[in-house]
Each structure stands twice: as structure tokens, then as C-alpha cells.
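The values are calculated or read from the model by the stated rules, or taken from the named source; none is laboratory data. From a predicted model like this one, the values you see are computed outputs, not experimental measurements. Counting neighbours? That spans all protein chains shown, and the Cβs are built from the backbone with ideal geometry, glycine included. Remember, those area values only see protein heavy atoms, side chains included, never the ligands or the DNA or RNA. Shrake-Rupley method; radii C 1.70, N 1.55, O 1.52, S 1.80 Å.
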Amino acid sequence: MTKLRKFGQCVKYTFENKPEWIHGGGAETAGHNCNHFIKLYGSYPVQNIDRALMRDLISKMTKTGRSNATINRILSAISTVLNYCHDCGQIDQPMSFKGLRLKEGKQQVRVFTMQEIDLLVRAARVDFNRHDLADLITAAAWTGTRQNELLQLRVGDVDFDRKLILIGGRKGFETKGKDARQAPIMDALLPILQERCRDMPRDALVFGEDWVSRFSVRYIFERVRDYALPEKEYPFKQIRHSFCTGLIEANVPLVVVQELAGHSSPTVTLRYARATDKAKADALAKLQSAYQLQALSTTQTAV
């Protein structure tokens, strides 16, 4: 068997054979991240890819203003390609990426309020006549489902009898967390799903037929967002963050939020608990009340 010699060949082989990159929603992003390497170094000989080259890549990406998180995703995509090709016997032992990842600082979790999501939906329907986007925003807001998961959703995944959406757990529908979960169908979403699924075969996409890719969603979403909420330059994925934060603020147990959101661990869910401004405000309000009561008691004693 002829082994692969160039990185570009390895990328092509991975896209054509790795199941998660054939069916998974993250394939486009992975390809985009691999292209950063190819633009800098061309279809580089695999045997010459070493830690010195990766540090040069990190340096160049840093100088162009890329964040540590973005650089880490680029490194992850390159590592995935090399490791997959090695596991398939297409290249010799790849280099180790251990210790190359950059430290990522904690980011603020920015969210839309439910009132702002209503404004987005209304702007999409009324001002832009984009019912496809309005439906997608509504589905994301009331299920917390990732955009790529919504675009993979098929009619057979919607159980109207039990009022549930079945997310992941079937061939061709793999979630980011490799989980299989269920999302209750809320009243605000029910008529949208009924209309989209009516008289459609079980294998028809519920939302995915409307979009070429997630990048086409981003283009029109940003136009609608800038029109309706010009001060909120948040991406589509923040709608999912709004869902999680809203549940936390409603005092829903963390384990339930984790299950609904499909988080891989409670640690991920805790990010939203830390970011909940309402919980912090409530805590400080209790502290303020305690101080006021103590001050009142001291005053009465003095009298």
C-alpha cells in the first residue's frame, strides 16, 4: 500500500474516510482550520511536520491576531488528521502535540434575553421575510440544541405522540458530545414543527434543506441581528447559551440542565451557573437585607 506523503493528501483522506468528518456537523470547521496550515505551508511533507513547525505556526497565527482558542482549534484539526491517518496505516508515527496547546483565558458568557430573541424572530419574519431563520432561532431558543444538530434533524426524529425531539443516537446524526438525548417540544415550537413535518418522509430534513451550510445561516443571522439588535454582536450559538442561562436563573437543578443541553460534564454546565448575573444579584440582595436588619436591630437597641 502506498502511504500518504503530503499533508494535503492526509486531509483529503480524512474527509473521505473518517465517519465523524463525513457525517458530523464539525467537518466544515475542521476543514477551515486545516486550511490555515495549507495556506501557510502548502501541502507540506508529512515526515517534516515537527514541533518546531507547529511553534512557527503558532507564532504566525498569534501575529495575525488569532486568539489562543482559535489557534488551539487549528492545532486540534491538524492533530486529528495526522493521528487518523496513522491509525489507518497511511503515515508513520506522527509527532506529539502534547504541551503545544495555549492557555485559554475564561470568557464572559454573553447571552440574549428572551425578549431579545423575540425581537430577532420578529425581525426575521416581518422585516426580512426569512421564515426559515425565524423557525431556526425559535427551535434553538426552546430546545438549547446546537445549530449543527438542528440542521441534521430529520422528520423521523420528531415524536409528536410523546412531544419529544430525539437528538443524536442514530446513524448519520452524531452530536458534539456523542450523546443521545431528548428535548421536550414546547408550545412555541410545536406549530413550526407540525408545519415543517406535515406530509414529509421520515428521512426529510426538518431545517437543513433551507441552508447550504452553517455559514449561510451565519450570513443572514448577522444581518438580522445587526438590524434588530445592533449593540449585540453575538453569534448564533449564544442562543443556546441563553437557553442554559435561563434554566439556571429559574433554579433548575444543574443535572437537569446538563441533560437538556447535552453537556459532556457538570463542569461545562457550571460555566453558566458562574455567569448568571441574576443569581449573583439575588445573593447580594440577601446580603443587603441582612445588613439592613442588623442595622435596624442595632438602632433599636441603642434607643
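Details
- Test: residue in region 130-142 that is polar (S, T, N, Q), out of contact with any Pro (no Cβ under 8 Å at 6 or more places or on another chain) and surrounded by 20 or more Cβ atoms within 10 Å (Cβ to Cβ): yes
- Just one of the listed residues (273, 261, 183) is among the small types (Gly, Ala, Ser) and farther than 14 Å from residue 146 by Cβ, namely 273.
- Residue in region 180-194 that is closer than 22 Å to residue 246 by Cα, over 17 Å from the mean Cα position of the chain (by Cα) and of a type in the set (S, T, N, Q) present: yes
- Checked against the criterion of being touching an Asp or Glu at 6+ places or on another chain (Cβ under 8 Å), open to solvent by less than 60 Å² (accessible area, probe 1.4 Å) and of a type outside the set (Gly, Ala, Ser), the candidates 95, 61, 54 yield just one match: 95.
- The single condition from (1) within 17 Å of residue 175 (Cβ to Cβ); (2) open to solvent by 40 Å² or more (accessible area, probe 1.4 Å); (3) free of Cβ contacts under 8 Å to residues at least 24 places away in the same chain that residue 257 fails is (2).
- Odd one out for residue 156, checked against (1) more than 22 Å from residue 245 (Cβ to Cβ); (2) loosely packed, with under 15 Cβ neighbours inside 10 Å: (2)
- Of everything listed in (1) outside any helix (DSSP H, G or I); (2) at pLDDT below 85, the single unmet condition for residue 236 is (2).
- In region 46-156, counting only helices (runs of 4 or more DSSP H) that sit wholly within it, the ones holding 3 or more residues that are more than 21 Å from residue 261 (Cβ to Cβ), under 20 Å from the mean Cα position of the chain (by Cα) and in contact (Cβ under 8 Å) with a residue 40 or more places away in the chain span 68-87.
- Residue match in region 102-110 (condition: open to solvent by less than 30 Å² (accessible area, probe 1.4 Å), over 25 Å from residue 22 (Cβ atoms) and either among the charged types (D, E, K, R) or at pLDDT below 95 (or both)): no
- Residues (over 21 Å from residue 20 (Cβ atoms) and open to solvent by 60 Å² or more (accessible area, probe 1.4 Å)) located in region 69-92: 92
- Residues in region 35-43 include at least one that is assigned to a helix (DSSP H, G or I), touching a Leu at 6+ places or on another chain (Cβ under 9 Å) and surrounded by fewer than 16 Cβ atoms within 10 Å (Cβ to Cβ).
- Any chance residue 264 is open to solvent by 40 Å² or more (accessible area, probe 1.4 Å), among the hydroxyl-bearing types (Ser, Thr, Tyr), modelled with pLDDT under 90 and in a loop (DSSP other than H, G, I, E, B): yes
- Check on residue 29, modelled with pLDDT under 90, within 29 Å of residue 217 (Cα to Cα) and surrounded by fewer than 17 Cβ atoms within 10 Å (Cβ to Cβ): yes
- Residue in region 2-22 that is closer than 22 Å to residue 175 by Cβ, aliphatic (A, V, I, L, M) and free of Cβ contacts under 8 Å to residues at least 24 places away in the same chain present: yes
- Filter result for residue 226 (open to solvent by 70 Å² or more (accessible area, probe 1.4 Å) and not in a loop (DSSP other than H, G, I, E, B)): yes
Per-residue answers, yes or no, for (1) part of a strand (DSSP E or B); (2) among the charged types (D, E, K, R); (3) closer than 27 Å to residue 20 by Cα:
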{"residue": "162", "(1), (2), (3)": "no, yes, no"}
{"residue": "165", "(1), (2), (3)": "yes, no, yes"}
{"residue": "175", "(1), (2), (3)": "no, no, yes"}
{"residue": "182", "(1), (2), (3)": "yes, no, yes"}
{"residue": "186", "(1), (2), (3)": "no, no, no"}
{"residue": "192", "(1), (2), (3)": "no, no, no"}
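- Some residue of region 194-208 being out of contact with any strand residue (DSSP E or B) (no Cβ under 7 Å at 6 or more places or on another chain), within 16 Å of residue 117 (Cα to Cα) and exposed (fewer than 15 other Cβ atoms within 10 Å of the Cβ): no
- Residue, farthest from the chain's Cα centre (by Cα), within region 195-215, restricted to residues that are under 14 Å from residue 137 (Cα atoms) and in a helix (DSSP H, G or I): 210
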